[in-house]
Amino acid sequence: MKKWIIFISVFTVSLCLFLSVFVLWKAGQPFSAEQAKAEQLALQEDKLAEVNDSEVYSGSNIYITVIGKDQSGEEKAVFIPDNLDDLNIEEVLLKKGISKIQAIETVEKEFKVKKVLHTKLGWEENNAVWEITFLSQNNKLNYVYLFFENGTWWKRILNL
């Protein structure tokens, strides 16, 4: 009887673990497919010659930010809207704005940051912006936005 209880317990835990991993994997697939389409579009439209990274930015509109090098070898970010009916693709040269590290340092000078959760480059109201999500010392969630061009503050959502 004891062996059956152990077997059922191990089987149940294994099944729960497998299902959890499967659900997380399936949940990420739509984003992966959209990112792959956006990367391909950036290459097809000759916005980039080489893709290094991409991520989904969800602000007032959803954009896939594709980062890579253009034909002249310069680092560039291309912002592709999620609805491809509107092919209003925006782009910025990364050397013409503040870096990810500079954006984080700006936030750390202003706030007591316990942990930076993520930093994303996105497109809002005809401007490239850095979205920095962090936990403050009192474990509150914070979203702050800096203009990519000059590092000035755009918006702050604090202590959630």
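All of the numbers you see were taken from the coordinates with simple rules; none came from a lab. These numbers were taken from a predicted model, which means no experiment stands behind them. Reconstructed Cβ throughout: ideal geometry from the backbone, glycine too, with neighbour counts over all protein chains shown.
Things to note:
- You can think of it this way: the chain between E74 and S9 has 17.8 nm of extra reach, that is 0.36 nm per residue less the Cα-Cα gap.
- Label-point separation, D82 to T152 (7 Å along Cα→Cβ), nm: 3.0 nm
- Angle between the chain longest axis and helix 100-110 axis [Cα atoms, degrees, rounded to 10]: 90 degrees
- Nonlocal amide H pairs with E50, under 5 Å, H built at 1.01 Å: K69
- The tail of the calculated P(r) for the chain, taken as Cα-Cα distances beyond 27 Å, holds 40 percent of the pairs.
- Full extension of the chain between D53 and L19 gives 9.3 nm of extra length, using 0.36 nm per residue less the Cα-Cα distance.
- Listed by chain and number, the lysines whose C-alpha is less than 21 Å from the C-alpha of K76, apart from same-chain residues fewer than 8 away, are K37, K47, K95, K96, K100, K120.
- Ranked by the mean number of other Cβ atoms within 10 Å of their residues, highest first, the peptides 127-133, 107-113, 66-72 come out as 127-133, 66-72, 107-113.
- Remark: relative contact order (the chain) = 13 percent; criterion is Cα-Cα distance under 8 angstrom and separation of 6 or more residues.
- Relative contact order [Cα under 8 Å, 6+ residues apart], region 97-157, whole percent: 31 percent
- Dimensionless Rg/Rh of region 97-157 - Kirkwood Rh, Rg from C-alpha atoms: 0.95
- Helix-only CD estimate at 222 nm, as mean residue ellipticity for the chain, using -39500 (n - 2.57) per DSSP H run (n ≥ 4): -12000 deg cm²/dmol
- For region 2-89, averaging the sequence separation of C-alpha pairs within contact (under 8 Å, six or more residues apart) and dividing by the residue count gives a relative contact order of 18 percent.
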